[in-house]
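The values are calculated or read from the model by the stated rules, or taken from the named source; none is laboratory data. In this text the structure is predicted, and so the values were computed from the model without any measurement. Backbone-built Cβ (ideal geometry, glycine too); neighbour counts: all protein chains shown. Please note that ligands, DNA and RNA were not included when accessible areas were found on the heavy atoms of the full protein model with its side chains. Shrake-Rupley method; radii C 1.70, N 1.55, O 1.52, S 1.80 Å.
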Amino acid sequence: MAHNNAILRNKTIIQEILSADPQFILDKVIEKKLITGREYTKLNSISKGDAEDLVIKLVDTLNNKGVQRQSEFIGVLQDEIVLETYPRLKDVEWGDSGSTASSSSLKRSAERSLSKDAPETKSQKTEDKYPITSKPTGLCVIINNENFHDKTNRSGTEKDAESLADVFSWLGFQVLMCKDQTASDMAQVTKLLADPEDLAALQKCKLEEWSGGRFTPLRGLPQHGDAFVCCVLSHGAEKVVLGVDGKKRPISDITSAFNGEHCSALRGKPKVFFIQACQGHSLQPGYVADDLTFEMQEQDTPQLVFIPAEADFLVAMATVEKYQAYRHTVNGSWFIQSLCKQLKAGCRRGEDIMQILYRVNDDVSQKEIPGMCEPSELQKCLFSDSLVTVSEGGRDLGEFSLTVDFASRGPQPCLLLRAVSRGTIDGTPCGTRVTAYISAAMETLEEDLHEYVQLPDHKMERRCHMVQRDDRMMVDRITTAGEEVTRQSDSYCLSAVRGLLSEGSSMLLMRVMALRRAVPETLTLPSLHQGPQLRQTTFRSLGLKHLAVGPETLEVFGVERAVEAPGEVPALWRCFFLADGHLASREQVGSPVTMRLLQLPPQLEKDAENDKPSFGKTPLVWEEDMEMHSMFLDRKEELMADHASYLRQHPELRHLLADFLQFLLIRKPDNVVHFAKEYFLPFGSQCSPETKS
């Protein structure tokens, strides 16, 4: 039954590989007379569009033909011509050890990675050297620091611990976890685990064992097995992790506890460490190289992996030195969640541990805004805010409004955000207007930003129009100061500005955070603010406080947005929101004005939503009704419905015309046509900045 076990053990990966070209393998097996002509005709009749179904039925047919056919089928899969067509078959393990592919693949792949000059048969030799017995494949230890003595906590780390326990138990490891360790506790537990002979001492460390989908108290001595994995989930600094007491523990101390000198049981066996902890305070910009490919990665060492001087060691970090790591407070950290996903997928494919980590590196680098919005959340964002702008002395200076609606941009459904701030300061009209189309993934599809100050005989305004086109973000800027007009065009590769925040998407994201009453920890994304240079926008929670709104005092949730660039003072905005997401106050730190909500927004009664107005009929006096002469009278209702439908699909039309007319009346130009041309110019830019003269 050895070959039967081999096929069953690798069935999923075989089917996945052969599905790339099912006709080739089908022709091969009929050529080798492994199936009959009737079986070939039956299999060949399966729709070519369902390649996976064809391969599944082919493998099942061969697997049911007995040991001889199974052996011949494996021989076909190892044929040189077949391997040229399906190169991934070279990584499939055909050994007859009786172990499952998943339970030993991590051990084998780690050994291949840690042996620089390993021969092609290294994986087979490894299985012979370490036969699988009733004992576990290896030992996985999770140090999970969640609650720190300074009252901070690492929300979301429990999700990481459970994900790691699930995947490593699936791989055949015995999984242990110890929570909330001080720096000295970490030193003690690693020392005990290097030579696990004192059960009472280990139990004092509050070690728990993963069993039945949950952690339970440790009841027996752990066994090292053929591989060792240590996962540290904590805060950190450069080259260290922190205990819950805030004291530092060097990463090198943790790894060295399991070297040949201190842990003889693991000599010559792979030892892998996964570190989810910040390595500094700097914030990584959210972009990756344009030319990053998997082929290049095979030659270059990824940033998050290093191999210590000791033999058989590999350490994978969530981030590089001096930078922070990202963790979502509900869904867990980017690195650990990606690692668990890629381990399951990669071990099924028989991939090398380094290949798996390259995939993790690529996956983490392409992460977008944490916690993408669900449709139900977006539905809750569809409302309007209206605030007044007041001076430090309490004098009304103007108004601010923010509206979010569903819309479409071409065939793509999206959200339309419109924010308008207008008023007068010392008798001078000024204002800002933002119109933005934003996808459900918080991507800015298009945005127009217009700021102006109408000084006597001196026009000052700034226009910025950005739009996605051909995998690039095109940005056109027009700055007017008196008679001087400056134009500038820039272009950014979308992959280089992944997660880019515009003014509009920042406002929408803050509304989402307000509804959740949560801000993802260390959420930092690239942004464009008053110039072509990429800046970093960071959000942090200001917590709950009480704010007077009209006659009532209500609890509000605060979010701070900071936009900064190296060597510059950050620009800070602080917004406070009601429980339903409505904006209660908004201010820019250092500005003499504040935007405030003076009265609570009206509550929409459910019964009122279904109330339809009724109108009495007006008698028709045809002699006076000139509409009777209209050639479109017979299509009146059809046209009205069509126009209403168009306006619903394009609500921006009303806003666009209203804004244009308002600005026209403020400026009162002599040449209205020329003014309209200049006003709508940014909306009509169709060519890329590189082609402009």
message: Being open to solvent by 20 Å² or more (accessible area, probe 1.4 Å), in contact (Cβ under 8 Å) with a residue 24 or more places away in the chain and not hydrophobic (A, V, I, L, M, F, W, C) is the requirement here; does ASP160 meet it?
response: no
task: Return the pairs, sorted by first residue and then second, in which the second residue is among the aliphatic types (A, V, I, L, M) and open to solvent by 50 Å² or more (accessible area, probe 1.4 Å), the first residue lies in region 23-37 and is within 20 Å of THR85 (Cα to Cα) and touching a residue at least 40 places away in the same chain (Cβ under 8 Å), the beta carbons are less than 9 Å apart, and the residues are 6+ apart or on different chains.
output: LYS28/ILE81
message: Which condition from (1) open to solvent by 30 Å² or more (accessible area, probe 1.4 Å); (2) touching a helix residue (DSSP H, G or I) at 6+ places or on another chain (Cβ under 6 Å); (3) not in a strand (DSSP E or B) is the one that SER489 breaks?
response: (3)
message: So LEU525 passes all but one of these: (1) surrounded by 19 or more Cβ atoms within 10 Å (Cβ to Cβ); (2) assigned to a loop (DSSP other than H, G, I, E, B); (3) at pLDDT below 80; (4) not polar (S, T, N, Q). Which condition number does it fail?
response: (2)
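Restricting to strands (runs of 3 or more DSSP E) lying wholly in region 213-269: which have 2 or more residues that are open to solvent by 30 Å² or more (accessible area, probe 1.4 Å)? Outline the logic, then answer.
Details: elements: 214-217, 228-233, 240-242, 248-250.
Those strands (runs of 3 or more DSSP E) span 214-217, 248-250.
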statement: Flagged in region 1-42 as of a type in the set (A, V, I, L, M, F, W, C) and either modelled with pLDDT under 80 or part of a loop (DSSP other than H, G, I, E, B) (or both), in numbering order, are MET1, ALA2, ALA6, ILE7, LEU8, ALA20, LEU34, ILE35
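So that you can scan it fast, the table gives a plain yes or no per residue for (1) buried (at least 19 other Cβ atoms within 10 Å of the Cβ); (2) modelled with pLDDT of 90 or more; (3) touching a helix residue (DSSP H, G or I) at 6+ places or on another chain (Cβ under 7 Å):
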| position | (1), (2), (3) |
| --- | --- |
| LYS179 | yes, yes, no |
| THR182 | no, yes, no |
| ASP185 | yes, yes, no |
| LYS206 | no, no, no |
message: What pairs come out if I take residues in region 136-147 that are open to solvent by less than 10 Å² (accessible area, probe 1.4 Å) and pair them with residues that are β-branched (Val, Ile, Thr) and in a strand (DSSP E or B) whose C-beta lies under 6 Å away, six or more apart or interchain?
response: CYS140/VAL175; CYS140/VAL229; ILE143/VAL232
message: Please determine whether any residue of region 646-658 is at pLDDT 65 or above, in a helix (DSSP H, G or I), surrounded by 11 or more Cβ atoms within 10 Å (Cβ to Cβ) and more than 36 Å from the chain's Cα centre (by Cα).
response: yes
task: Could you please give the count of residues in region 435-485 that are crowded, with 17+ Cβ neighbours inside 10 Å, within 23 Å of THR424 (Cα to Cα) and in contact with a Gly (Cβ under 7 Å, 6 or more places away or on another chain)?
output: 1
task: Go through region 555-604 residue by residue and tally those that are surrounded by 15 or more Cβ atoms within 10 Å (Cβ to Cβ), out of contact with any Cys (no Cβ under 7 Å at 6 or more places or on another chain), closer than 23 Å to ARG395 by Cβ and hydrophobic (A, V, I, L, M, F, W, C).
output: 8
task: Name every residue in region 383-421 that is at pLDDT 90 or above and not in a strand (DSSP E or B), in order of residue number.
output: PHE383
message: Within region 58-106, take every residue that is assigned to a helix (DSSP H, G or I), open to solvent by 50 Å² or more (accessible area, probe 1.4 Å) and closer than 30 Å to LEU164 by Cβ and give me the one that is modelled with the highest pLDDT.
response: ARG88
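To keep it simple, each residue is scored yes or no on (1) farther than 13 Å from PRO222 by Cβ; (2) at pLDDT 85 or above.
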{"site": "LEU139", "(1), (2)": "no, yes"}
{"site": "ILE143", "(1), (2)": "yes, yes"}
{"site": "GLU146", "(1), (2)": "yes, yes"}
{"site": "ASN153", "(1), (2)": "yes, no"}
{"site": "LYS159", "(1), (2)": "yes, yes"}
{"site": "LEU164", "(1), (2)": "yes, yes"}
{"site": "VAL167", "(1), (2)": "yes, yes"}
{"site": "TRP170", "(1), (2)": "yes, yes"}
- prompt: Would it be correct to say that GLN15 is of a type in the set (S, T, N, Q) and touching an Asp or Glu at 6+ places or on another chain (Cβ under 9 Å)?
  reply: yes
